[in-house]
Amino acid sequence: MKHSKYFVIDFDSTFIKVEALEELAAISLKDEPDSAKVLSEIREITDAGLEGKLSFTDSLARRIRLLRANRQHLEMLIRRLQRKISTSIKRNKKFFRNYADQIYIVSGGFKEFIEPIAKQFGITSENIFANSFEFDDDGNITGFDAANILAQENGKVLLLKSLNLSGDIYVIGDGYTDYQTKEAGLTNKFYAFTENVKRESIVDKADFVAPSFDEFLYLNKLPMSISYPKNRINVLLLENIHPRAQMLYKEEGYQVETLNYSPDEKELTERIKQVSILGVRSKTRLNERILRHANRLIAIGAFCIGTEQLALDTCQQKGVAVFNAPFSNTRSVVEMVIGEIIVLIRKIFEKSNKLKQGIWEKTSAGSFEIRGKKLGIIGYGNIGSQLSTLAEFLGMEVYYYDIIEKMALGNAKKCTSMQQLLKKADIVTVHVDGNPNNRNLIGDDEFKLMKRGAIFLNLSRGFIVNLEALVKHLKNGRISGAAIDVFPREPKSDGEKFISQLQQFPNVIITPHIGGSTMEAQYNIAEFVPRNIIDYINSGNTFFSVNFPNLQLPQLQRAHRLIHIHQNVPGMLAQINSILAQHDINIIGQYLKTNELIGYVITDIIKKYDPEVITELKKIPHTIKFRILY
């Protein structure tokens, strides 16, 4: 049967993630003493052949000689390759089955391992063209069939000529031999497949670059398993976010760029124009002026607890969901607070500094245990409550104050006012959020209420404490020691000089906003935030969003999911359902939640529908953003 289009696909590093002969060598040479050296040599020969620096026939012969493999190793190889099918190829298995008679696997690899893999995708043996091994009587691989057309120089060109396909031919591959088919004028378009490996010399020659098979299908208006190619989702990660985040986004198929600093407004305004997902920490300020240019932005990840640096209302108005990490660094902050309390109450820094100057001062004067001391916690959220538990375990008497009613943990006692807490506590630590109402929460009046000789800590927000007032009371002795991790103004990068009045005091610990900066915390944050954003993009879940109505949705099955974000005005759901009814579309499931600014409607519908319905849904007045998932 003749078709108007044919798809010729390479196998190694295209259909699968790896070069199969390299995997075979890794298996066959596993216990050989020179395995590392031989494997390196095989990789060099492979790359030289794929980049056109070495004839294919020579490349193949040299690699076969190095293999030391047999039939038993091939069985192990097939099992390994089944786990290494390219992600976007595997995702579009339905396309391969539906278009199987138009798809040809043409490879310089070997049919013995290609056929078992390709057949799982419905591709028949007649449409698989590859080399064949030669074996001795003991099943050892001794060579290859030199008469096979694909073992010859320009083998893929000669093979395509022999097929004499009459329709348009599209070639997808990663190597020079794939490009040669285009160079010979046998194919309409050559797509350099870069999901697994990117060879610049091949990319430069390609008609198009396909970072994924989804991109190829999308460009050619062919049916995909997903609604939008993941490689078109651009991620920008700022402020040296842990590499785990980059890894998760790349594994998902997104394009990722990282910066180890916080760009100024002008630079960020320019960069954000092409960004789909933005990752920030506490230094990056995202205001309405910057967001005005963020027309592709889908979601923002705050890789920290606070989100006051982000214009959340503007994000809502643009349909941009924001996710943070409210729990991921809690333990790290709590441990630092406990450690600093002990260091301050024992005057460890002061004694250490004197000893460094040669002054031996062995005395217990002014040095205390934390057991039995009254700890006052201002703000009893995730950090404050966990600190409460650990401090009590260490023998402290815990008091707390929060403007919201919070259940006491253990034997902690609630204070009815902050003033009551300040008068009671030997040690005061602040753990409030970035609400503007908390600015200068602790000033001269509050320090005057504290016990003489009290210890004070702030690891929450820089603008919480009036530092001039703290300096005053450090000098007059009311505050005997302090630990400050956050400041009203902080350097934008590590190279910028830091200056503070607190640098003069030997009884003050100052740290560069590192309360949550442990490897464990940063890894946890880099795991938590991307997974929630990926889940939002893939399924519409907003459960951990700080600015969207929270919805936890069932898994999408045998349906298309319509995501409609709109201004919170009356009648939106009725308009959506009216359009669906006019087009006789059956609703499988529907979910609605609103907040004061926006409404979030999720509608799962049958897969067959007139595309015009999508146009009509997008045109509903007060629509902010619309997406389809399938």
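The values are calculated or read from the model by the stated rules, or taken from the named source; none is laboratory data. This structure is a prediction, so every number in the text was calculated from the model and none was measured. Every residue, glycine among them, receives a Cβ derived from its backbone with ideal geometry; neighbour counts consider all protein chains shown.
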Taking first residues from the stretch 406-434 that are of a type in the set (Asp, Glu) and second residues anywhere that are part of a loop (DSSP other than H, G, I, E, B) and modelled with pLDDT under 95, the pairs with Cβ under 7 Å that are 6 or more apart or on different chains are 433/306
For the stretch 518-549, give me each residue that is under 30 Å from residue 346 (Cα atoms), surrounded by fewer than 17 Cβ atoms within 10 Å (Cβ to Cβ) and not β-branched (Val, Ile, Thr). 519, 520
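Within the stretch 366-400, how many residues are surrounded by fewer than 22 Cβ atoms within 10 Å (Cβ to Cβ) and either on the phi < 0 side of the Ramachandran plot or aromatic (Phe, Trp, Tyr) (or both)? Before the answer, list the steps.
To start, the set of residues in the stretch 366-400 that are surrounded by fewer than 22 Cβ atoms within 10 Å (Cβ to Cβ) comprises 366-374, 381-382, 386, 389-390, 392-395, 397.
Restricting the remaining residues to those that are either on the phi < 0 side of the Ramachandran plot or aromatic (Phe, Trp, Tyr) (or both) gives 367-371, 373-374, 381-382, 386, 389-390, 392-394, 397.
Qualifying residue count for the region: 16.
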Quick one: residue 191 ticks every box in (1) part of a strand (DSSP E or B); (2) touching a residue at least 60 places away in the same chain (Cβ under 8 Å); (3) within 21 Å of residue 51 (Cβ to Cβ) bar one, so which box is it? (2)
Which condition number in (1) of a type in the set (Val, Ile, Thr); (2) within 20 Å of residue 179 (Cβ to Cβ); (3) modelled with pLDDT of 95 or more; (4) in contact with a helix residue (DSSP H, G or I) (Cβ under 6 Å, 6 or more places away or on another chain) is the one that residue 27 fails? (2)
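Quick one: is residue 153 out of contact with any strand residue (DSSP E or B) (no Cβ under 6 Å at 6 or more places or on another chain), among the acidic types (Asp, Glu) and loosely packed, with under 14 Cβ neighbours inside 10 Å?
Numbers: out of contact with any strand residue (DSSP E or B) (no Cβ under 6 Å at 6 or more places or on another chain): yes; among the acidic types (Asp, Glu): yes; loosely packed, with under 14 Cβ neighbours inside 10 Å: yes.
So residue 153 fits the description; yes.
If you check 625, 607, which single one turns out to be outside the structural domain of residue 245 (by TED's automatic domain parsing), surrounded by fewer than 15 Cβ atoms within 10 Å (Cβ to Cβ) and either of a type in the set (Ser, Thr, Tyr) or touching a strand residue (DSSP E or B) at 6+ places or on another chain (Cβ under 8 Å) (or both)?
Values: 625 fails: surrounded by fewer than 15 Cβ atoms within 10 Å (Cβ to Cβ).
So the residue among 625, 607 that is outside the structural domain of residue 245 (by TED's automatic domain parsing), surrounded by fewer than 15 Cβ atoms within 10 Å (Cβ to Cβ) and either of a type in the set (Ser, Thr, Tyr) or touching a strand residue (DSSP E or B) at 6+ places or on another chain (Cβ under 8 Å) (or both) is 607.
Which one of these is without any contact (Cβ under 8 Å) to a residue 12 or more places away in the chain, assigned by TED's automatic domain parsing to the domain that holds residue 421 and either aromatic (Phe, Trp, Tyr) or out of contact with any Cys (no Cβ under 6 Å at 6 or more places or on another chain) (or both): 477, 495, 462? Outline the logic, then answer.
Details: 477 fails: without any contact (Cβ under 8 Å) to a residue 12 or more places away in the chain; 462 fails: without any contact (Cβ under 8 Å) to a residue 12 or more places away in the chain.
Residue meeting the stated conditions: 495.
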Looking at residue 34, is it over 26 Å from residue 155 (Cβ atoms), free of Cβ contacts under 8 Å to residues at least 24 places away in the same chain, over 36 Å from the mean Cα position of the chain (by Cα) and in the same structural domain as residue 177 (by TED's automatic domain parsing)? yes
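What helices (runs of 4 or more DSSP H), lying completely within the stretch 1-98, carry at least 2 residues that are out of contact with any His (no Cβ under 7 Å at 6 or more places or on another chain) and among the polar types (S, T, N, Q)?
Numbers: elements: 20-28, 35-50, 56-67, 71-81, 87-91, 93-98.
In the stretch 1-98, the matching helices (runs of 4 or more DSSP H) lie at 35-50, 56-67, 87-91.
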Can we say residue 303 is within 21 Å of residue 228 (Cβ to Cβ), surrounded by 21 or more Cβ atoms within 10 Å (Cβ to Cβ) and touching a residue at least 60 places away in the same chain (Cβ under 8 Å)? no
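Go through the stretch 44-66 and give me each residue that's touching a Leu at 6+ places or on another chain (Cβ under 6 Å) and either not small (Gly, Ala, Ser) or not assigned by TED's automatic domain parsing to the domain that holds residue 154 (or both). Full working, then the answer.
From the stretch 44-66, those touching a Leu at 6+ places or on another chain (Cβ under 6 Å) are 48, 63; that's our starting set.
The answer is 63, and nothing else.
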Residues in the stretch 411-430 that are more than 22 Å from residue 382 (Cβ to Cβ) and either crowded, with 21+ Cβ neighbours inside 10 Å or outside the structural domain of residue 479 (by TED's automatic domain parsing) (or both) total 2
Going through the stretch 387-413 in order, the residues found to be more than 23 Å from residue 435 (Cβ to Cβ) and in a strand (DSSP E or B) are 397, 398, 413
Given the conditions (1) in contact with an Asp or Glu (Cβ under 8 Å, 6 or more places away or on another chain); (2) outside any strand (DSSP E or B), and given that residue 477 satisfies all but one, which numbered condition is not satisfied? (1)
Just to check your reading of the model, which residue among 249, 261 is touching a helix residue (DSSP H, G or I) at 6+ places or on another chain (Cβ under 9 Å) and not basic (Lys, Arg)? 249
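Sort through 492, 448 and tell me the only one that's more than 18 Å from residue 347 (Cα to Cα) and assigned to a loop (DSSP other than H, G, I, E, B).
On the way: 448 fails: assigned to a loop (DSSP other than H, G, I, E, B).
Of 492, 448, the one residue that is more than 18 Å from residue 347 (Cα to Cα) and assigned to a loop (DSSP other than H, G, I, E, B) is 492.
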Looking for something more than 14 Å from residue 238 (Cα to Cα), touching a residue at least 12 places away in the same chain (Cβ under 8 Å) and of a type in the set (Gly, Ala, Ser) - is there at least one such residue anywhere in the stretch 253-261? yes
Going by the conditions given, is residue 98 touching a residue at least 40 places away in the same chain (Cβ under 8 Å), surrounded by fewer than 17 Cβ atoms within 10 Å (Cβ to Cβ) and assigned by TED's automatic domain parsing to the domain that holds residue 128? yes
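Looking only at the stretch 275-293, how many residues end up being outside any helix (DSSP H, G or I) and either out of contact with any Lys or Arg (no Cβ under 7 Å at 6 or more places or on another chain) or among the charged types (D, E, K, R) (or both)? If you could, list the steps in order and put the result at the bottom.
The first filter runs over the stretch 275-293 and keeps only residues outside any helix (DSSP H, G or I), leaving 275-287, 292-293.
This time we only want the ones that are either out of contact with any Lys or Arg (no Cβ under 7 Å at 6 or more places or on another chain) or among the charged types (D, E, K, R) (or both), so: 277-287, 292.
Number satisfying all stated conditions: 12.
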For residue 509, the lone unmet condition from (1) touching a residue at least 60 places away in the same chain (Cβ under 8 Å); (2) more than 30 Å from residue 470 (Cβ to Cβ); (3) not in a helix (DSSP H, G or I) is (2)
Answer yes if at least one residue in the stretch 128-147 is in a helix (DSSP H, G or I), within 29 Å of residue 183 (Cα to Cα) and within 41 Å of the chain's Cα centre (by Cα), and no otherwise. no
Could you please give the count of residues in the stretch 148-170 that are under 14 Å from residue 184 (Cβ atoms) and part of a strand (DSSP E or B)? 1
Scan the stretch 306-329 for residues that are surrounded by fewer than 23 Cβ atoms within 10 Å (Cβ to Cβ) and closer than 30 Å to residue 370 by Cβ and jot them down. 306, 326, 327
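Return yes when residue 412 is under 42 Å from the mean Cα position of the chain (by Cα) and at pLDDT 95 or above and no when it is not.
Numbers: under 42 Å from the mean Cα position of the chain (by Cα): yes; at pLDDT 95 or above: yes.
When the stated conditions are applied, residue 412 passes them.
In the stretch 199-214, what count of residues is obtained for those that are free of Cβ contacts under 8 Å to residues at least 24 places away in the same chain and either within 17 Å of residue 49 (Cβ to Cβ) or part of a helix (DSSP H, G or I) (or both)?
The initial filter retains those residues of the stretch 199-214 that are free of Cβ contacts under 8 Å to residues at least 24 places away in the same chain, namely 200, 203-204, 208-209.
Those still in the list that are either within 17 Å of residue 49 (Cβ to Cβ) or part of a helix (DSSP H, G or I) (or both) too: 200, 203.
Residues meeting the conditions: 2.
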